[in-house]
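Colleague: Dropping the structure in here first, questions after.
The values are calculated or read from the model by the stated rules, or taken from the named source; none is laboratory data. Bear in mind that the values here come from a model prediction, so they are computed numbers and not experimental data. We place every Cβ from the backbone using ideal geometry, glycine too, and count neighbours over all the protein chains shown. Just so you know, the surface numbers come from the protein's heavy atoms only, side chains and all, with ligands and any DNA or RNA stripped out. Shrake-Rupley method; radii C 1.70, N 1.55, O 1.52, S 1.80 Å.
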Amino acid sequence: MAFENLSERIQKALKNLTGKGKISAEDINTASREIRLALLEADVNFKVVKDFIKKIKEEALGKEVQESLNPGQQVIKIVNDELTKMMGTSSTTLTKSKHIPTIIMMVGLQGTGKTTTVGKLANQLIKQEKARPLLIAGDIYRPAAIEQLQQIGTELQVPVYSEQDQKNVAQIVENGLKQADQNKNDYVIIDTAGRLEIDEPLMAELEQVKAVAKPDNILLVVDAMTGQAATDVAQGFDSRLDITGIILTKLDGDTRGGAALSIRAVTGKPIIYTGQGEKLSDLEQFYPDRMASRILG
Ligand code: GDP
């Protein structure tokens, strides 16, 4: 499970503080140092860790904690609140369009789980809202991607718009949106191409798709297993496309979890969902407070 190691170490650091009538500055320094190391080893962004530790120390050394009956519990609460804040405080949902369809554009590097996540999101919208989505196959460079999306469409019984031999992705998206209008689909989810790394042609193409689709949501799919690199990728996509939210995939794996903890603080964009497995039902809404509680045990 993600965070196992981080969780264990933070809990251990805090355990030394509980049950004490008074907490000295030395106690707080020791705990802060352990938490700092645990976060860095979990691959949380250096600057995010620095700010976090500074806040914890300031608050933990404050009068309120020192004068409280159970200062250890107070410090745990401070850590919990700051961890939650680091991940965005409250849960964020999709932006709905006033007129159908609500358009969702998915972007991300190759192999992060973009195409799978298009299916997961469609599945969730169908389950929760009886939605009638249309999927658009905009990843024309990876030959298997169109087929993969069509298979997902068959499994979920939702239409997939694709064009063979068309090299202009923006045109495919425009045509797909016309079909969605005709069919009165309430959601359109656009799969787009990924690369192994961010490059200029990819970004230019995604900007064109954005201009044509005018999406209500641009969701960046990032692989939690890539750790620190995930935050760099997120910044790269955000600076060109102004993404609206993040989907963090593969949180079911043995990831150190740093991406989940720092991506919001680094980009200012919320994590909206997490992917927790390969099945179409493995998508969960992201709640910063629940994630913080999970880490603190
Ligand atoms: P794309 O290139 O970004 O479109 O990536 P794909 O959707 O083809 O996914 C790449 C691989 O990651 C596939 O084997 C998926 O089954 C797998 N995958 C996607 N999301 C998750 C997830 O949340 N957890 C796990 N364990 N695997 C995932």
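Colleague: Could you check how many residues of the range 114-148 are over 23 Å from Phe237 (Cα atoms), touching a residue at least 12 places away in the same chain (Cβ under 8 Å) and near the ligand (Cβ under 9 Å from one of its atoms)?
Modeller: Number satisfying all stated conditions: 1.
Each row is one residue, and each column tells you yes or no for (1) open to solvent by less than 50 Å² (accessible area, probe 1.4 Å); (2) in contact with a Lys or Arg (Cβ under 9 Å, 6 or more places away or on another chain); (3) not charged (D, E, K, R).
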{"site": "Ala211", "(1), (2), (3)": "no, no, yes"}
{"site": "Lys214", "(1), (2), (3)": "no, no, no"}
{"site": "Val221", "(1), (2), (3)": "yes, yes, yes"}
{"site": "Thr231", "(1), (2), (3)": "yes, no, yes"}
{"site": "Ser239", "(1), (2), (3)": "no, no, yes"}
{"site": "Gly245", "(1), (2), (3)": "yes, yes, yes"}
{"site": "Lys250", "(1), (2), (3)": "no, no, no"}
{"site": "Gly257", "(1), (2), (3)": "yes, no, yes"}
{"site": "Pro270", "(1), (2), (3)": "yes, yes, yes"}
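Colleague: Collect the residues in the range 82-113 that are open to solvent by 10 Å² or more (accessible area, probe 1.4 Å) and within 15 Å of the ligand (Cβ to nearest atom), keeping them in residue-number order.
Modeller: Scanning the range 82-113 gives Leu109, Gln110, Gly111, Thr112, Gly113.
Colleague: For a quick check of your reading of the model, give me the residue pairs whose first member lies in the range 149-168 and is of a type in the set (Val, Ile, Thr), whose second is open to solvent by 100 Å² or more (accessible area, probe 1.4 Å) and assigned to a loop (DSSP other than H, G, I, E, B), with beta-carbon atoms closer than 9 Å and at least 6 apart or on different chains.
Modeller: Val158/Arg132
Colleague: Does the range 66-75 contain any residue that is modelled with pLDDT of 90 or more, in a helix (DSSP H, G or I), open to solvent by 70 Å² or more (accessible area, probe 1.4 Å) and more than 30 Å from Leu125 (Cα to Cα)?
Modeller: no
Colleague: Please specify each residue of the range 128-175 satisfying the condition of being open to solvent by less than 70 Å² (accessible area, probe 1.4 Å), assigned to a helix (DSSP H, G or I), of a type outside the set (A, V, I, L, M) and in contact with a helix residue (DSSP H, G or I) (Cβ under 9 Å, 6 or more places away or on another chain).
Modeller: Correct list: Gln148, Gly153, Gln171.
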